[in-house]
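Engineer: So that we are looking at the same thing, I have put the structure below in structure tokens.
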Amino acid sequence: MSVFEVGKKYWDTSACDHNCVFTIEIIKRTDKTVTFRRRGKERRAKIYTDNNGEYIVPDRYSMAPVFRACREVVEEAPATPGKVIPFPLAV
């Protein structure tokens, strides 16, 4: 089961526009709540669980983002110039 971890970032997309991505950073947690930072402000939300793991709903409106612990932001390392595999050109 996925759980929120302190110091990690999580993401969700807007219900209306999937190009709009929201992110939060977990500052601290207890068994029942997490404190997170979003847009420079710290807030607290109750942790809910289901078959997919933990999730929070920090806002209460119909299309509010739902942050799930399984959607962790993964920082990708930049590709090194010597190890780039070129895409084959169409003939």
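Engineer: Tell me the residue from Glu42, Glu72 that is in contact with a Ser or Thr (Cβ under 9 Å, 6 or more places away or on another chain) and without any contact (Cβ under 8 Å) to a residue 40 or more places away in the chain, please. Talk me through it step by step, then tell me what you get.
Structural biologist: Values: Glu72 fails: without any contact (Cβ under 8 Å) to a residue 40 or more places away in the chain.
Unique residue meeting the criteria: Glu42.
Engineer: Take Thr13 and tell me if it is free of Cβ contacts under 8 Å to residues at least 60 places away in the same chain, β-branched (Val, Ile, Thr) and exposed (fewer than 15 other Cβ atoms within 10 Å of the Cβ).
Structural biologist: Numbers: free of Cβ contacts under 8 Å to residues at least 60 places away in the same chain: yes; β-branched (Val, Ile, Thr): yes; exposed (fewer than 15 other Cβ atoms within 10 Å of the Cβ): yes.
Against the criterion (free of Cβ contacts under 8 Å to residues at least 60 places away in the same chain, β-branched (Val, Ile, Thr) and exposed (fewer than 15 other Cβ atoms within 10 Å of the Cβ)), Thr13 qualifies.
Engineer: Which one of the conditions (1) at pLDDT 95 or above; (2) of a type in the set (Ser, Thr, Tyr); (3) in contact with a strand residue (DSSP E or B) (Cβ under 9 Å, 6 or more places away or on another chain) does Thr30 fail to meet, given that it meets all the rest?
Structural biologist: (3)
Engineer: Quick test of your reading of the structure: Glu76 fulfils all but one of (1) assigned to a loop (DSSP other than H, G, I, E, B); (2) at pLDDT 95 or above. Name the failing condition by number.
Structural biologist: With (1) assigned to a loop (DSSP other than H, G, I, E, B); (2) at pLDDT 95 or above applied to Glu76, the lone miss is (2).
Engineer: State the number of residues belonging to region 1-15 that are more than 13 Å from Pro58 (Cβ to Cβ) and either assigned to a loop (DSSP other than H, G, I, E, B) or out of contact with any Lys or Arg (no Cβ under 8 Å at 6 or more places or on another chain) (or both).
Structural biologist: So the count comes out to 10.
Engineer: Would it be correct to say that Lys8 is among the basic types (Lys, Arg), over 13 Å from Ala69 (Cα atoms) and touching a residue at least 12 places away in the same chain (Cβ under 8 Å)?
Structural biologist: Details: among the basic types (Lys, Arg): yes; over 13 Å from Ala69 (Cα atoms): no; touching a residue at least 12 places away in the same chain (Cβ under 8 Å): yes.
No.
Engineer: Looking at Val21, Val84, Val6, which one is at pLDDT below 95 and under 14 Å from the mean Cα position of the chain (by Cα)? Quick ask: steps written out before the conclusion?
Structural biologist: Details: Val84 fails: under 14 Å from the mean Cα position of the chain (by Cα); Val6 fails: at pLDDT below 95.
The unique qualifying residue is Val21.
Engineer: Right, something else. If you go through region 16-53 one residue at a time, how many are loosely packed, with under 13 Cβ neighbours inside 10 Å and in a loop (DSSP other than H, G, I, E, B)?
Structural biologist: Number satisfying all stated conditions: 12.
The values are calculated or read from the model by the stated rules, or taken from the named source; none is laboratory data. All values derive from a computational prediction rather than experimental measurement. Backbone-built Cβ (ideal geometry, glycine too); neighbour counts: all protein chains shown.
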